[in-house]
Amino acid sequence: MESQKSSSTKKWLMGCGIGCGAVVLIGIILVVGGVVFVRNMVNSFEESEDILKELTEKYGKINEYCPSSSGAIAAERMEAFLKTREIIKPEIQELEHTIDILSKEYEEKQTEKKGSAGVLKKIRTGIGLIPKIAEFLKKRNQALLDVEMGIGEYYYIYSLAYYCWLDKPIIDGVPININKNNEFDFQHWEYEESEEIRRDLSVRELHKIILPMLKNQYEKLMQNPDKEISENWRRALEKEIKDMEANRYRLVWRDGMPEVIVNSLRPYKDRLEASYSSILNNIELLMEQR
């Protein structure tokens, strides 16, 4: 019965779209942590899910989000996004610290004998990771409610700001390696194939949510044409949608972001840079629902 709970929990995590590295790491910790820990972890994630349901009821599902038809991101929406990032900063720092310890423990294991003290330290650290992920998600979702921003809008700005404009690697996140035998290991990249597979999977997941948003945006634009909206923007949006439809591994605005979007992001460059976490990237984009 308890093993079924553990299995269900891991399936739930996979269903959320959690990054490969995090899935493997979480799977290891679930085995080590035991039944009581699994039960507590599920309760923690359920709290986050309850808030997410409230967000969904209020703002719609992720891929139902419709960006402004003008292409611009309003200043108040950027402020809401950055306020959310500021609120969850303590949880980000806690997670970064925990993951850093786990990474160092793994590296030390490669050169030293595995002593009992090191094992216990890693177990304690690992068990603490999952509640911190749950707390991060709960705080993030609550922060979004507080600033009146839906999860879809959050992901939209996150993707455009970090990946498309600041050129942050979409594969940033918990270190994971896919070795030559197609097995997953919790460690830093060693093979080019690993990086390519990780990137393809990440882009595909992002593609699934961003393309519907662009279609919503284009439909709104065509239903309510505004003479003040640039024809260049309309053509660029139309072309981007066609290019993404033709290639499910295309990162949005890969060939260059329209100036109307860049102008919306430029005043916030320093704050966006400071708010980004390369370590938590694949955890921050957990696809909790479609």
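Ordering 207, 97 from the fewest to the most neighbouring beta carbons within 10 Å gives 97, 207. Cross-link pairs exceeding 22 Å in C-alpha to C-alpha distance, out of 58/138; 138/215; 132/269; 89/269; 53/220, comprise 138/215; 132/269; 53/220.
Of the chymotrypsin sites (Phe, Trp or Tyr not before Pro) found in segment 226-278, the ones in coil according to DSSP and having at most 15 other Cβ atoms within 10 Å of their Cβ are 249. Per-peptide packing, taken as the mean over residues of other Cβ atoms within 10 Å, places 58-65, 136-143 in the sequence 136-143, 58-65 from highest down.
Each reported figure results from applying straightforward, stated rules to the coordinates on display, with no laboratory input. For clarity, every value in this text was computed on a predicted model and none was experimentally measured. Counting neighbours? That spans all protein chains shown, and the Cβs are built from the backbone with ideal geometry, glycine included.
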